[in-house]
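The values are calculated or read from the model by the stated rules, or taken from the named source; none is laboratory data. Here the structure is a predicted model, which is why all the values come from computation and not from measurement. Neighbour counts run over all protein chains shown; Cβ positions are idealised from the backbone, glycine included.
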Amino acid sequence: MGTAMAGHLLAQGHALTIFSRTRSKAEELLQRGARWADSPARVADESDAVFTMVGFPRDVSDVYLGESGLVHQARTGMVFVDMTTAPPSLAGTIAETVTARGAHFLDAPVSGGDTGARNASLSIMVGGEARVMEMVRPLFECLGRTIVHQGETGAGQHAKLCNQITIAGTMIGVCESLLYGYRAGLDLETMLQSIRGGAAACWTLDNLAPRILARNFAPGFFVEHFVKDMGMALEESRRMGLVLPGLALIHQLYLAVQAHGHGRSGTHALMVALEELSNVRVSATPAKFYQ
């Protein structure tokens, strides 16, 4: 996702300095004119606005607060935007540190996966000062179509966790629907034509159900990252005194997906765990079990 998103900024004529922990992942951008920096701090030193997107909360903490982290080069007027899905409390810690140096911080996680990143159609959920968001809105508009200010620091992360809870529930519904339809002997492509046009219509049916039928579990968003996000949502729910039994169940199912070796597969690999429970392997060819 990061390569596609950075590429849109380049395509719009913005000067881009980049750092990746794996330089080979940046080669495409470097060939297109991006400049390489050998540390996050060097990126900050050469930039007015810095966008980050990494994997896990520990990575966010290291990129911002580590020995060669971004905050060490923060200066008055700079804007830092973290687009990783991370704990709201971490957003608060980073914002406090950045603000003490006269800079600004926004938490701005995204939804839309690899397709949204490639098409610059992401939904961007922004926490922090509204006036700071407006300062960088032209950059956000290079990346997404839905840009919404959610509230104070951390609110963007809370909104993203709402998004992940919704996706988790939708994903199990789509997978179980395909399992049921297959076992009933339906042609699943034909079945999908019908339910996509009714009240069940959703992004997951349109974009991921076809990948499941093709047994294509390549990631648009990694299972291991989704497990992380659901864990954060459960932790936040406990902190707020909420009981979310549906999310807890789906989290456990995704842990089973990881145990089956699909941590680096896409989130639609949930089908693998559900197939194991019923001893069924779904394909586009109709089954003949229904009596």
Need pairs with beta-carbon distance below 7 Å; first residue under 20 Å from Ser283 (Cβ atoms) and within the stretch 192-219, second of a type in the set (A, V, I, L, M) and outside any helix (DSSP H, G or I); sequence gap 6+ or separate chains. Ile212/Val282; Leu213/Ala284
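Mind checking which residues of the stretch 117-134 are in contact (Cβ under 8 Å) with a residue 60 or more places away in the chain and either surrounded by fewer than 16 Cβ atoms within 10 Å (Cβ to Cβ) or assigned to a helix (DSSP H, G or I) (or both)?
Kept after step one, since they are in contact (Cβ under 8 Å) with a residue 60 or more places away in the chain, are these residues of the stretch 117-134: 117-118, 120, 122.
Residues satisfying the conditions are Ala117, Arg118.
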Being in a loop (DSSP other than H, G, I, E, B) and surrounded by 11 or more Cβ atoms within 10 Å (Cβ to Cβ) is the filter here; which residues of the stretch 262-279 pass it? His262, Gly263, Arg264, Ser265
Just to be sure, is Ala44 small (Gly, Ala, Ser), over 26 Å from Arg145 (Cα atoms) and touching a Phe, Trp or Tyr at 6+ places or on another chain (Cβ under 9 Å)? yes
Could you pull out the residue among Val243, Val282, Val257 that is crowded, with 16+ Cβ neighbours inside 10 Å, out of contact with any strand residue (DSSP E or B) (no Cβ under 7 Å at 6 or more places or on another chain) and modelled with pLDDT of 95 or more? Val257
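Please find, among Arg239, Arg215, the residue that is outside the structural domain of Asp59 (by TED's automatic domain parsing), out of contact with any Phe, Trp or Tyr (no Cβ under 7 Å at 6 or more places or on another chain), farther than 22 Å from Asn279 by Cα and among the basic types (Lys, Arg).
Details: Arg215 fails: farther than 22 Å from Asn279 by Cα.
Residue meeting the stated conditions: Arg239.
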Considering residues of the stretch 84-116 that are touching a residue at least 60 places away in the same chain (Cβ under 8 Å) and part of a loop (DSSP other than H, G, I, E, B) only, the residue farthest from Ala6 (Cα to Cα): Pro87
Contacts under 9 angstrom Cβ, first residue in the stretch 15-27 being in contact (Cβ under 8 Å) with a residue 12 or more places away in the chain, partner surrounded by fewer than 13 Cβ atoms within 10 Å (Cβ to Cβ) and assigned to a loop (DSSP other than H, G, I, E, B), 6 or more apart: Ala15/Gly33; Leu16/Arg32; Leu16/Gly33; Phe19/Asp38
